Amino acid sequence: MAIEHEYFGIIDETASGGLAWQDTVELGDQAVEVDLQADAESGVTEYSLDAAAALLHALEGFDARARDALVAQLSERQSETVNYVDQQVDEMGESLLDLLVHNSGDIQVDVLRSLQLMRIALFPERSDEDDVFATFDYSISPDDTDAVLVVSFDIRGDVVAVEMQG
């Protein structure tokens, strides 16, 4: 059975009894894909859907928090963020410079400033404080690399993890 929410409208039921909703939102001049998914409709509360809607309303602030978390990892040599930047520098070489929005001379910071937010995944049934409630997927160039940095938030809006995938 589908459910209805003030922000999301009709959230469709999946064949397995979960919920799924997709849309595209704007962040600056960039289109970002948003996926809301739940394995079981019974685990989704009005509170968690309201929290997901609030996250999307405050998207610029959450994007800034995610980027701050990435910058904070630059001081940790073996962090996922440093590994991602190093991998992109190795794979793209000089062509990476063409992708940079800012060119301050600090390649690590410039890459992070130039990341594109490609996708936001929302998991409204994960409303415990220790659960991953939302993920933000970032890429320096979605057309050129499968590697992404994934920043995870809990339902309170705190960053709980940064991972590299791809």
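The values are calculated or read from the model by the stated rules, or taken from the named source; none is laboratory data. No experiment lies behind these values; they were computed from the predicted model shown. With ideal geometry, Cβ positions are generated from the backbone for all residues, glycine too; neighbour counts draw on all protein chains shown. With ligands, DNA and RNA removed, areas are computed over all heavy atoms of the protein, side chains included. Shrake-Rupley method; radii C 1.70, N 1.55, O 1.52, S 1.80 Å.
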Classify region 45-129: rounded, prolate or oblate, from the alpha-carbon gyration tensor (a ≥ b ≥ c, eigenvalue square roots; a/c under 1.5 rounded; otherwise prolate if a/b is larger than b/c)? prolate
Rank Ile10, Pro124, Ala38 by how far each Cα sits towards the positive end of the charge dipole of the chain (+1 on Lys, Arg Cβ; -1 on Asp, Glu Cβ) and give me just the farthest. Pro124
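Ranked highest first by the average count of other Cβ atoms within 10 Å around their residues, in what order do 70-76, 120-126 fall?
Details: 70-76: 15.4, 120-126: 21.7.
Averaged packing, sorted descending, gives the order 120-126, 70-76.
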Karplus-derived 3J(HN,Hα) from phi for region 123-129 (6.51 cos²θ - 1.76 cosθ + 1.60, θ = phi - 60°), whole Hz, x at Gly and Pro, runs 10, x, 7, 9, 9, 6, 5
Probe 1.4 Å, heavy atoms of protein chains only: per residue, the accessible area of the chain in Å² is 52
Full extension between Asp35 and Asp143 adds, at 0.36 nm per residue less the Cα distance, a length in nm of 36.9 nm
Gain upon complete extension [Asn83, Val160; 0.36 nm per residue less C-alpha separation]: 25.9 nm
If each of Asn103 and Glu76 carries a label point 7 Å out from its Cα toward its Cβ, how far apart are those two points in nm? 3.2
Report the Stokes-Einstein translational diffusion coefficient (µm² s⁻¹, integer) for the chain, Rh taken as the Kirkwood radius over Cα pairs, at 10 °C with viscosity 1.306 mPa s. 95
Cα centre as origin, Lys/Arg/Asp/Glu Cβ charges: the chain dipole, Debye: 360
Taking every DSSP beta bridge that has both residues in the chain, what percent is antiparallel when rounded to the nearest 5? 90
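Of all accessible surface on region 16-82 at a 1.4 Å probe, what whole percent is carbon and sulfur?
47
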At Tyr47 and Tyr7, where each label point lies 7 Å from the Cα along Cα→Cβ, what is the point-to-point distance in nanometres? 1.6
